[in-house]
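These notes are about the structure you will find just below.
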Amino acid sequence: MTGPQADGYGRGAAILSVGIGVTGLITYAYFSLASHTLSEEDYGGITLLWSAVFITVSVLYRPVEQLLSRTIADRDARGYKGRDHLRVAGTIQLALGAVFAVAALALRGPIEDELFGGSSTLYWVLIVAVLAYAVSYFARGFLAGSHRFGLYGGLVLMEASSRVLFALAVAVGIASGQSVVALGMVAAPIVSLAVVPFALGRVAPAGRPPEVEAANARALDEASAGEPAGEPEFTLSHGSGFAVAVLLIMLAEQTFLNAGPLLVKAREGAGGAALAGFTFNVLLIARAPLQLFQAVQTSILPHLTRLRAGGESDPFRRTVNVTLMAIALFATGVALVMAAVGPSVMDLVFGGDFSYDRGGLVLISLGMGLYLVAATLNQALLARARARATCVCWLAAAGLFVAFLLVLDFDDRVLQVEAGYVGAALVLSGSLYALYRQQ
């Protein structure tokens, strides 16, 4: 099981790395075009809309994506053919979407007036985009668990490509205004679902030889010890604990990525949108590599789950260690680039009246590395069925980050966000590593 699984993991990560890497560059282009064509206040509204959309969809829908990815991979290894897990996951996703719709409609006044400065267009873009992403994230979980990594990459690539066309239309003069740029966030998840018919055309990947299936099934039966994903009949109770823990982890994750700009906007009042947009630009140094790292996150969870189920502890550790080493090298390289030419690059890409501090850019680069370390350890711990303890670490670190931003009062709000991000990422990665070392 080690050789074929290792090859499959490597191929999957490589395919996704290409697709998601290009996606990250296209997303960067979307914000660069928007930054150059919109006023600072209007661009700040776009960044706030982006933060609101992706906080919501990541918290609500990624738990089902990861639950599907883990469960489908496990059931495929065991040879189970039922679809109860798909119905359960679909029910959860529909319920979460309905809860969001009811809450967002009930809170229209505060969302539209206080967050979006009275823009009804941004409010409705938020509603429609979040509901569309319910289907998109379900498809992602299905594709990842089924090892359809090419289609997964195609989905996210189509999403980013369709979104950037709206910003490009404004940049070349075909259209104008904040509303057109914002509409790209609605079109993206809808257009990306064009890959779904291809996925449904073949529910499962090509089977392995019967003797391999049998050996895998025996190993999993002996080692999984009653984990939720291994039951022949998949019910809501089987996956609820995992899904709730991952939902809270996603809430903490989005706090790391988006609380900074949102709290800057809230604390600076009516004039805070431009500064929030600038803070968002700085944090793109941390956010953009996460687009590429999605390839690792997507493929590593089912891979590590299979290794643990088969009792293959050495390959498990090697996979984690190699990933951590690659992250360390990557983060060091980014920090060196930011130290050398960071301010010039950021000014060239985003323009504007703000100046980018070299030290702050290096800080964010190092924090990005620590955060990616934590994200890797998170997947390893989920594969080990340590979701609850992992969730506690995430919530504690995210709470520390928010407290740092709310309690302290720096003259330089951007520096406060940078320092808080790095400190909280250090606490998170350290606590998750301590938990990982317990087994």
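All of the numbers you see were taken from the coordinates with simple rules; none came from a lab. Keep in mind that what you see is a predicted model, and the values were worked out from it rather than measured. All Cβ positions, even for glycine, are placed from backbone atoms using ideal geometry, and neighbour counts span all protein chains on display.
Near Leu432: Cβ cut-off under 12 Å, other residues only, Lys/Arg at +1 and Asp/Glu at -1. The net charge is +3. The magnitude of the dipole of the range 2-436, with charges of +1 and -1 set on the Cβ of Lys/Arg and Asp/Glu and taken from the Cα centre, is near 1180 debye.
Computed over the alpha-carbon atoms, the range 294-344 gives an Rg to Rh ratio of 1.22, Rh here being the Kirkwood radius from the mean inverse distance. Highest mean packing first, where packing is the average number of other Cβ atoms within 10 Å per residue, the peptides 171-177, 312-318, 418-424 line up as 418-424, 312-318, 171-177. Across every pair of non-identical alpha carbons in the range 2-436, the mean reciprocal distance, once inverted, gives a Kirkwood radius of 22.2 Å. Over every Cα atom in the range 76-170, the radius of gyration and the widest Cα-Cα span, Dmax, amount to 17.3, 54 Å.
As a rough footprinting exposure proxy, the listed residues Trp124, Trp50, Trp394 were ranked by other beta carbons within 10 Å of their own, and the order from fewest upward is Trp124, Trp50, Trp394. Exposure proxy for Val246, Val407: other Cβ atoms within 10 Å of each Cβ, ordered fewest to most, give Val407, Val246. The stretch between Ala175 and Asp409, if pulled fully straight at 0.36 nm per residue, gains 80.1 nm over its current Cα-Cα span. Residues Lys81, Lys265 in ascending order of nearby Cβ atoms (within 10 Å, fewest first): Lys81, Lys265.
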